[in-house]
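See below for the structure under consideration.
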Amino acid sequence: MADVTLTIDGKRITVPAGTTVLQAARDNGIFIPTLCHDPKLTPWGGCRLCVVEIEGMRGLPASCVTTVAEGMVVQTASPQVVEARKMMLELLLANHPRDCLTCSKSGACSLQDYAYYYGVRGDKFHGEKHDYPLEDDNPFIVRDMNKCILCGKCIRVCAEVQVNNVIDFAHRGFNTRVTPAMDLTLRESEECVFCGNCVQVCPVGALAEKASLWQGREWELTKVRTTCTFCGVGCNLEVSVKDDHVVRVRGYDNPLVNSGWLCVKGRFGADFAESPDRITRPLIRVGERGEGRFREATWDEALDYTARRLQEIKEQYGSRAIAALSSARCTNEENYLMQKFMRAVIGTNNVDHCART
Amino acid sequence: MAGLAIAFGSGAMTNSIAEIEHNDVLLIIGSNTTEAHPVIGQKMKQAARRGAKLIVVDPRRIELVEHAYLWLPIRPGTNVALINGLMYVIITEGLVDKKFIEERTEGFENLWAVVQNYPPERVAGITGVPAEKIYAAARLYATTERAGIFYTLGITEHTSGTSNVMNLANLAMITGHVGKEFSGVNPLRGQNNVQGACDMGALPDVFPGYQKVANPEVRERFAAAWNCQLDATPGLRIPEMIDLAAGGYIRAMYIMGEDPALTDPDITHVRKALANLDFLVMQDLFISETAKFADVILPGASFLEKDGTFTSTERRVQRVRRALSPRGECRPDWQIICDLAARLGYPMHYDSPEQIFAEMASLTPSYAGMSYARLEGNGLQWPCPTPEHPGTKFLHAGRFPRGKGLLQGIEYQPPAELTDEEYPILLTTGRMLYHYGITTRHSPSLESYRPEELAEINPAQAAELGVRTGDRVTVVSRRGRLVTKVKVTDRVPPGIMFMTYHYKESPVNILTNAAFDPIAKTAEYKVTAVRLEPAS
Ligand code: SF4
Ligand code: SF4
Ligand code: SF4
């Protein structure tokens, strides 16, 4: 595609034709705020926070839906633009709950950030507030529609990425809200697969992971990139931890694998690791085989006993009387060691893993 | 994956996940992708949304059927016949890729000798798929440049599993749909690191990198590297281990993170075998059904509590990084193995998984170019033979590992187990979205959402029994019986029911058949004849 040269804030910029003004600016390090934009979703132009001034164009076009043209002259921070953005933020805040003190999104909230950036306190208008009940009838996601700014990202992610089309705008004017058909909850809709990708794109605190509430504030979290353990897709995870406890899991954007998206297991299933059912000390059988009665032991005792029994059986019946099942859930390193252990230490090739591919 | 190894010389997904978004046709066979591989399922639905055509072959009206251009509702266990029917149309209508067949394959005559007996009209009788749909699917697949095949357990978990896979390879080869980007034969591996476990040589006949135990040169190299003597005889596969344990020949077992007493077929037999052992050591996170038979249980660490790597279904090796400290006194499995080895007089000392990886890579040609440093970023896909090699996005460009691709005619064999008057319903088993193996049963969120089995039965069956969604029924097979709640749904056709294998309270493998595929030794989880009775 041909290139186009334009000027943004006095800077000459060349980008491929078809690029949006927003993209051109961001690719060149020029700040434009957005609430409803996500580079992976269809641009919508709904929040109007990304408005700019373009010479020769009437009004303030939304930069996320305006494509560049040769010779275009763009102002991203003229007084008129800034005034318009402040007004948009004032209007959003007019009916937004003042929950920042305890909101789980605080510290990572776009609305909060832009309000701060533009010095908007939200005290210009005193609008009517919503009083929707909290939707928390499922174990994964909490929806607080009082905080929703109607950016529509969750709707687009559900339609374009997850392709389940569970939610959409409903009702009119002040009563507009995002909901499954017939005002059902996600759970009642029976269509939602709880992938949580909507939670991940929500710019404010309207959608949250249920288990993360009250578990830690944004700035207290340590983030670790790892790989999901629940199927062979290998989605990349960003695990957020506080005090040796998983607060939440989000998708890490590996563009070659999951591009940041997850399914219900990857996003919400990691809590198995902290289950009280975990065995946390070695166990030695006391009851009958199959009965499942054990006593706790030290590592030394359990390992000595195991080594002794394996040695005895090897001596009495030969190496081939011993067999091992390695694990398609364990790491490569562990599988490598398990087969090495059986071959080099026990002396047999009797090693396999669950054939259930 | 034995089927692909026979046809091509190596068995793994030939393409990459990221290629799906450029496919124009996806032939999805025996894969309930949106539940078993949800993020790949997402990509398939995205492809359909932008205009790609999905051909879905599945007995059940799975979610992907809603996005499909063609749905072929097949009778379980009849895949080989269907694929033969597709090839019949492609060959008789001249839709084959002659050049590819000549240059890259051998055995076409042998293939045709079998396929010629499978005109769609006959195949329709075997498979239950209308002949017009077979014609349409064959033409669409053969004439589309970017056409990929995707399959999972639905194909491999049959007594004819290996044949099924070889036949898919036949289909791809005669149309030239392999060895390039956006076209290929793609097994979607179920467990997160099943690809890695195979690559690492957790198999009785091969060392890491599929190097044969029976090959003396290979053995010498490993013996030198490990400083030990090595057994030249390939070992036992799981079903043989179980049989020999029941027979008293296998005396001890070491089981790491697997639960054969729940997930293997015919668990009554498995449990007998486990009870017969002199010694069983388990390494696991929870007291599984299998662990109840253990003499010692060693507490391992979850994936969040250790470092390492997993190899995903697309051959991508990616880092696992420690986010939590091991709970209580738990230890990463690699450390436990080292501790045991030392006590048995073979010191295994590694400071970190990175050292283990380096040793493995030095002995495994397809991983030889990888290191933890290189895996930072987006991981690497094998083969990656040298430190400069960028990894391999799609396999078999220009040449198959075995040289020419092997075309082999495959006759349809009915499943080992058939329905009759006493057991009139076919039970098929699989995964569901909210659970994975048994670990997720311990996830408070997932478990509270799906705490019990909801066996899918057709409204016709439900009416016969007089049950509604949420009611209980007894399911009886030739091997056992269990009680389960049902969900009445037309996702399953009359005469077929579906259950998952996640629930120890309704352990479906009490019912299933241990008859296994003669080559891959994968059991026939997919076809069990059962009858339904009201729960007493
Ligand atoms: S969780 Fe997933 S399926 Fe449910 S509404 Fe959100 S995006 Fe849609
Ligand atoms: S819930 Fe969040 S993502 Fe959805 S429209 Fe409201 S603010 Fe936007
Ligand atoms: S997030 Fe879901 S699709 Fe991705 S690897 Fe985990 S289980 Fe598989």
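The values are calculated or read from the model by the stated rules, or taken from the named source; none is laboratory data. Since this is a predicted model, take the numbers as computed values, not measurements. Every residue, glycine as well, gets a Cβ built from its backbone with ideal geometry; the counts of neighbours run over all protein chains shown. Ligands, DNA and RNA are excluded from the accessible area calculation, which covers all protein heavy atoms including side chains. Shrake-Rupley method; radii C 1.70, N 1.55, O 1.52, S 1.80 Å.
Within segment A:71-108, report the trypsin sites (Lys or Arg not before Pro) that DSSP leaves as loop and that have at most 10 other Cβ atoms within 10 Å.
Numbers: sites: A:ARG85, A:LYS86, A:ARG98, A:LYS105; in loops: A:ARG98, A:LYS105.
Passing sites in segment A:71-108 are A:ARG98.
Could you pull out the trypsin sites (Lys or Arg not before Pro) across segment A:129-230 that fall in loop regions by DSSP (anything but H, G, I, E, B) with no more than 16 other Cβ atoms inside 10 Å?
Numbers: sites: A:LYS129, A:ARG143, A:LYS147, A:LYS153, A:ARG156, A:ARG172, A:ARG177, A:ARG187, A:LYS210, A:ARG217, A:LYS223, A:ARG225; in loops: A:LYS129, A:ARG172, A:ARG217.
Within segment A:129-230, the qualifying trypsin sites (Lys or Arg not before Pro) (loop, at most 16 other Cβ atoms within 10 Å) are A:LYS129, A:ARG172, A:ARG217.
On the protein heavy atoms, probe 1.4 angstrom, tell me the percent of accessible surface of segment A:215-277 carried by carbon and sulfur.
Numbers: 960 of 2000 Å².
C and S fraction of accessible area: 48 percent.
With everything on Cα atoms, drop me the angle between helix A:79-94 and the longest principal axis of chain A, reported from 0 to 90° to the nearest 10.
Long axis of A:79-94 versus the principal axis of chain A: about 60 degrees.
In terms of modelled amide H atoms, which long-range or inter-chain residues lie less than 5 Å from the amide H of A:THR227?
Counting only residues 5 or more places away or on other chains, the set is A:LEU237, B:ARG321.
Rounded, prolate or oblate for chain A? Axes are the square roots of the Cα gyration tensor eigenvalues, ordered a ≥ b ≥ c, and the cut-off for rounded is a/c under 1.5. Please report the intermediate quantities before stating the final value.
Details: a/c = 3.02, a/b = 2.09, b/c = 1.45.
Here chain A falls in the prolate category.
If Lys and Arg each add +1 and Asp and Glu each add -1, what is the summed charge of the other residues whose beta carbon sits under 12 Å from the beta carbon of A:ALA270? Write out the running numbers ahead of the final one.
Working: positive: A:ARG248, A:ARG250, A:LYS265, A:ARG267; negative: A:GLU209, A:GLU238, A:ASP271, A:GLU274, B:GLU305.
Net of charged neighbours comes to -1.
Round to the nearest 10 and report in Å² the accessible area of A:MET87, as given by a 1.4 Å probe over the protein chains' heavy atoms.
Around 80 Å² of this residue is reachable by solvent.
Heavy atoms only, 1.4 Å probe, whole protein assembly: order A:TRP44, A:TRP219, A:TRP214 by accessible area, highest first.
Numbers: A:TRP44 115, A:TRP219 155, A:TRP214 205 Å².
Result, largest first: A:TRP214, A:TRP219, A:TRP44.
Please report how far the C-alpha centroid of segment A:72-148 lies from that of segment B:1-59, rounded to the nearest whole angstrom.
Their Cα centres are 42 Å away from one another.
How many square angstrom of accessible surface are buried between A and B, both sides summed, with a 1.4 Å probe and rounding to 100? Kindly include the intermediate steps, with their values, before the conclusion.
Details: alone 21240 and 23250 Å², together 32280 Å².
That pair hides around 12200 Å² of surface in total.
Keeping the other protein chains in place, figure out the carbon and sulfur percent of the accessible area of segment A:283-353, with a 1.4 Å probe.
Numbers: 930 of 2360 Å².
Carbon and sulfur atoms account for 39 percent of the accessible area of segment A:283-353.
Compare the Cα positions of A:PRO255, A:PRO203, A:GLY234 along the charge dipole of segment A:178-299 (+1 at Cβ of Lys, Arg; -1 at Cβ of Asp, Glu; about the Cα centre) and return the one farthest towards the positive end.
Going by the Cα projections, it comes out as A:GLY234.
Gap in Å between the Cα centre of segment A:285-303 and the Cα centre of segment B:429-494?
34 Å
Can you work out the accessible area per residue across chain B, with the rest of the protein chains kept in place, probe 1.4 Å, in square angstrom? The partial results should precede the final answer.
Details: 17470 Å² over 536 residues.
On a per-residue basis, chain B sits at 33 Å².
With every protein chain left in place and a probe of 1.4 Å, what is the accessible surface of B:THR92, to the nearest 10 Å²?
Ignoring ligands and nucleic acids, B:THR92 comes out at about 70 Å².
Quick one: net charge around B:LEU465, please, counting Lys, Arg +1 and Asp, Glu -1 for every other residue with C-beta under 11 Å from its C-beta.
On the way: positive: B:ARG468, B:ARG472, B:ARG531; negative: B:GLU464, B:ASP471, B:GLU533.
Here the count lands on 0.
For every other residue with a beta carbon closer than 12 angstrom to the beta carbon of A:VAL51, add +1 if it is Lys or Arg and -1 if Asp or Glu, then tell me the sum.
Details: positive: A:ARG48, A:ARG85, A:LYS86; negative: A:GLU53, A:GLU83.
Here the count lands on +1.
What is the antiparallel percent of DSSP beta bridges lying wholly in chain B, to the nearest 5?
Values: 27 of 65 bridges.
In chain B, DSSP labels about 40 percent of beta bridges as antiparallel.
Among the residues of segment B:326-340, which ones have their accessible area go down by 40 Å² or more when all the protein chains sit together, as opposed to their chain alone (1.4 Å probe)?
B:ARG327, B:GLU329, B:ARG331, B:ILE337, B:LEU340
By accessible area of protein heavy atoms, probe 1.4 Å, what ranking do B:TYR503, A:TYR305, B:TYR210 get, highest first? Don't jump to the answer; show the numbers that get you there.
On the way: B:TYR503 5, A:TYR305 60, B:TYR210 90 Å².
The residues order as B:TYR210, A:TYR305, B:TYR503, largest area first.
Compute the accessible area per residue over segment A:3-77, keeping the other protein chains in place, probe 1.4 Å, unit Å². The partial results should precede the final answer.
Working: 3410 Å² over 75 residues.
For segment A:3-77, the per-residue accessible area is 45 Å².
Let me check something: with ligands and nucleic acids excluded, how do B:HIS177, A:HIS37 order by accessible area (1.4 Å probe), largest to smallest?
Working: B:HIS177 5, A:HIS37 25 Å².
Correct descending sequence by accessible area is A:HIS37, B:HIS177.
In angstroms, what radius of gyration and Dmax does segment B:55-149 have, counting Cα atoms only?
13.6, 40
Within chain B, what whole-number % of the accessible surface is contributed by carbon and sulfur, with the 1.4 Å probe and all protein chains included in the calculation?
Whole-percent figure for carbon plus sulfur exposure: 50.
So which residues in segment A:221-247 end up with at least 40 square angstrom less accessible surface once the other protein chains are there, compared with the chain by itself, probe 1.4 angstrom?
Residues of segment A:221-247 that lose at least 40 Å² of accessible area once the other chains are added: A:VAL224, A:ARG225, A:THR226, A:THR227, A:THR229, A:PHE230, A:CYS231, A:GLY232, A:VAL233, A:ASP244.
Roughly how many debye, to the nearest 20, is the charge dipole of the protein assembly as shown about its Cα centre, given +1 on each Lys and Arg Cβ, -1 on each Asp and Glu Cβ, and no other charges?
Numbers: 97 positive and 105 negative charges, 144 e Å.
With Lys and Arg at +1 and Asp and Glu at -1, about 700 debye.
Heavy-atom accessible area of B:ASP339 with all protein chains present, probe 1.4 Å, nearest 10 Å²?
Spelled out: B:ASP339, probe radius 1.4 Å, area about 40 Å².
Sort segment B:2-188 into rounded, prolate or oblate with this rule: let a ≥ b ≥ c be the square roots of the eigenvalues of the Cα gyration tensor; rounded if a/c is under 1.5, and if a/c is not under 1.5, prolate when a/b is larger than b/c, oblate otherwise. Numbers along the way, then the final one.
Working: a/c = 1.39, a/b = 1.18, b/c = 1.17.
Rounded shape, in that the Cα axes give a/c under 1.5.
Would you mind telling me the antiparallel percentage of the DSSP bridges in segment B:425-534, rounded to 5?
Working: 16 of 25 bridges.
Of those bridges, close to 65 percent are antiparallel.
Once you have a ≥ b ≥ c as the square roots of the Cα gyration tensor eigenvalues for the protein assembly as shown, tell me rounded if a/c is under 1.5, and otherwise prolate or oblate according to whether a/b is larger than b/c.
Values: a/c = 1.57, a/b = 1.39, b/c = 1.13.
The shape class here is prolate.
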